[in-house]
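Before any comments, here is the structure.
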Amino acid sequence: MGAKQTDGWQVAWQKTSSDFTALPFQSDQLVQVIKVTPQLTGTAFSLELSNRFGSQAVVFNHVWVARDARFQHECIAVTQCGNQQIVLPPHTVSWLDDMTYPVTAGEPIYVQLVATRAQTYVDYNFTILPGLVNAAIARRKVIPSLSSRTGRKNWYCLTGLAVKGAFRATTVMGVGDSVIEVGTITDALITHYMHRPVVVTNAATAGRQLLADALPLGKVPRTFGESLLHQLRRLTAWPPVMWCSIGANDLMLQAIAGNQVPTSQALIAGLKRIQILAQQHATWLIMSTLPPFVIDRRRVSLAEQRQLWHIQSRVNEWLRNQPHTVDVFTLLADPQTGRLRREYDLGDRLHPNKEAGERVAAAVQFVLDQYLS
């Protein structure tokens with residue numbers, strides 16, 4: 001994830017891709033439609049496309065932007081160095097040409113990516129709630145229809161939208177695991193700050209761990225990329241504010257794989273390292289307690305599950321004593337069982353649904369407003 005390094009430009013929407021080199025998507029043809037809602041108003045825009053994880057170039061014959069999902073109103077072709085064909089070299093993230101085309105905060109625009117050659121896509125993204133972002137894919141040259149139903153909607157390569165002429169805004173970057181990446185919390189934050197000079201970006205990855213890089217192929221597919229500590233060490237553009245939710249996967253994934261799980265002391269040491277990195281980069285850090293989780297009994301025994309909960313409890317106890325911490329566990333857990341409340345369950349006993357996202361977002365807003373004020 002990068003910032004557009006040109007005076008007068010600001011990122012108005014950004015969601016970093018996940019590394020799906022272990023589960024690559026291959027297609028002879030591909031048409032993608034992605035609905036994006038900018039958080040800032042501007043007189044011009046530029047798109048960011050990512051092939052950071054790909055080992056071969058990705059080529060799009062055309063990239064279109066329009067005001068509607070059928071690309072019938074104010075449709076324009078986006079270019080790269082003046083050419084309609086867009087070439088993304090391997091291991092790169094590219095901003096396309098600046099396009100004079102007004103965009104308004106809160107009003108969606110639609111991006112269509114068309115590829116007619118056989119190629120592999122590994123820079124993966126998804127959304128759950130279709131309100132602010134939506135996506136659809138077709139394996140032939142037709143415009144796929146967007147669904148208004150809640151559920152996973154996938155797309156590849158599109159990671160950012162910058163605008164020119166907007167008021168200077170504060171960027172709040174969410175980092176960590178799927179609690180942030182699924183978007184139910186960030187969507188609520190974005191909606192709250194839509195008409196204020198605040199941009200909420202999403203750099204989290206489902207399955208990301210704090211301490212360990214992705215596990216090798218086996219019980220847990222290697223699709224989740226590097227650890228958060230490794231990601232932050234190579235981060236070149238630190239935001240003014242960072243919101244971090246991390247640590248639960250270090251327990252769950254390692255237990256499922258049959259590996260030794262980290263101790264509470266090791267997890268706390270990793271979280272302290274994030275605090276130090278944020279201080280070094282003058283970034284205001286908001287942290288979250290580890291959320292409620294449960295693992296299928298066929299994968300982890302009850303005794304092992306109780307050990308994980310004990311470690312989680314020790315880490316959360318430390319986190320609650322840190323400045324600017326949002327107690328996600330207390331907000332979402334059933335006080336009788338310690339598990340995710342049914343009314344907050346997205347459907348997998350792990351991830352927060354829209355109602356849960358709104359509740360956590362309100363707590364994040366309370367902390368964030370201390371900085372903004």
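Looking at this structure, is Gln275 at pLDDT below 95, at negative phi and part of a helix (DSSP H, G or I)?
no
Return a yes/no flag: does the range 351-365 have any residue that is open to solvent by 10 Å² or more (accessible area, probe 1.4 Å) and outside any helix (DSSP H, G or I).
Checking the range 351-365: at least one residue is open to solvent by 10 Å² or more (accessible area, probe 1.4 Å) and outside any helix (DSSP H, G or I).
Looking only at the range 83-127, filter to residues that are assigned to a loop (DSSP other than H, G, I, E, B) and hydroxyl-bearing (Ser, Thr, Tyr); which one of those is farthest from Arg52 (Cα to Cα)? Talk me through it step by step, then tell me what you get.
In the first step, residues of the range 83-127 are kept if they are assigned to a loop (DSSP other than H, G, I, E, B); the result is 84-85, 89-91, 96-98, 104-108, 116-118, 122.
Cutting the leftovers down to hydroxyl-bearing (Ser, Thr, Tyr) gives us 104, 116.
On the way: Thr104: 29, Thr116: 21 Å.
Once the filter is applied, the top-ranked residue is Thr104.
From (1) under 19 Å from Glu181 (Cα atoms); (2) modelled with pLDDT of 95 or more; (3) in a loop (DSSP other than H, G, I, E, B), pick out the condition that doesn't hold for Ser145.
Among (1) under 19 Å from Glu181 (Cα atoms); (2) modelled with pLDDT of 95 or more; (3) in a loop (DSSP other than H, G, I, E, B), the lone unmet condition for Ser145 is (1).
(1) assigned to a loop (DSSP other than H, G, I, E, B); (2) loosely packed, with under 13 Cβ neighbours inside 10 Å: which one isn't true of Glu343, the others all being true?
(1)
Do we find that Val300 is open to solvent by less than 20 Å² (accessible area, probe 1.4 Å), β-branched (Val, Ile, Thr) and either at pLDDT 95 or above or assigned to a helix (DSSP H, G or I) (or both) in this structure?
no
Output the number of residues of the range 153-166 satisfying the condition of being touching a residue at least 40 places away in the same chain (Cβ under 8 Å) and basic (Lys, Arg).
Summing the residues that are touching a residue at least 40 places away in the same chain (Cβ under 8 Å) and basic (Lys, Arg) in the range 153-166 gives 1.
List, please: which pairs have Cβ atoms under 9 Å, are six or more places apart or on different chains, and start with a residue in the range 16-38 that is under 23 Å from Tyr193 (Cα atoms) and end with one that is surrounded by fewer than 22 Cβ atoms within 10 Å (Cβ to Cβ) and among the aromatic types (Phe, Trp, Tyr)?
So the pair list comes out as Ile34/Tyr110; Lys35/Tyr110; Val36/Tyr110.
Taking Ile109 as the residue in question, decide whether it is in contact with a strand residue (DSSP E or B) (Cβ under 8 Å, 6 or more places away or on another chain) and under 17 Å from Val11 (Cβ atoms).
yes
Suppose we keep only residues that are part of a loop (DSSP other than H, G, I, E, B) and over 16 Å from the mean Cα position of the chain (by Cα) within the range 18-52. Which one would you say is nearest to Ala115 (Cα to Cα)?
It comes out as Gln29.
Inside the range 152-164, can you point out the residues that are open to solvent by 10 Å² or more (accessible area, probe 1.4 Å) and touching a Leu at 6+ places or on another chain (Cβ under 9 Å)?
Result: Lys153, Tyr156.
Out of all the residues in the range 128-142, which are in a strand (DSSP E or B) and among the charged types (D, E, K, R)?
The answer is none; no residue qualifies.
Here are the criteria: (1) among the charged types (D, E, K, R); (2) within 21 Å of the chain's Cα centre (by Cα); (3) in a helix (DSSP H, G or I). Tell me which single one Asp348 does not satisfy.
Among (1) among the charged types (D, E, K, R); (2) within 21 Å of the chain's Cα centre (by Cα); (3) in a helix (DSSP H, G or I), Asp348 violates only (3).
So that you can scan it fast, the table gives a plain yes or no per residue for (1) touching a residue at least 60 places away in the same chain (Cβ under 8 Å); (2) of a type in the set (A, V, I, L, M, F, W, C); (3) farther than 22 Å from Lys354 by Cα:
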| site | (1), (2), (3) |
| --- | --- |
| Val142 | yes, yes, yes |
| Gly151 | no, no, no |
| Thr184 | yes, no, no |
| Met194 | yes, yes, no |
| Arg208 | no, no, no |
| Ala212 | no, yes, yes |
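Six or more apart or on different chains, Cβ atoms under 8 Å: show the pairs whose first residue is in the range 257-286 and farther than 22 Å from Arg314 by Cα and whose second is open to solvent by 60 Å² or more (accessible area, probe 1.4 Å) and part of a helix (DSSP H, G or I).
Filtered contacts from the range 257-286: Leu277/Arg233; Trp284/Tyr371.
How many of the residues in the range 57-73 are under 20 Å from Pro102 (Cβ atoms) and of a type in the set (Gly, Ala, Ser)?
Qualifying residue count, the range 57-73: 2.
So which pairs qualify, if the first residue must be in the range 352-373 and under 14 Å from Arg341 (Cβ atoms), the second must be outside any helix (DSSP H, G or I), the Cβ gap must be under 7 Å, and the two must be at least 6 apart or on different chains?
Pairs found: Pro352/Leu346; Asn353/Asp345; Asn353/Leu346; Lys354/Leu129; Val360/Val326; Val360/Pro352.
The values are calculated or read from the model by the stated rules, or taken from the named source; none is laboratory data. Here the structure is a predicted model, which means the values were calculated and not measured. All Cβ positions, glycine included, derive from the backbone under ideal geometry; neighbour counts span all protein chains shown. For accessibility, only protein heavy atoms count, side chains too; no ligands or nucleic acids. Shrake-Rupley method; radii C 1.70, N 1.55, O 1.52, S 1.80 Å.
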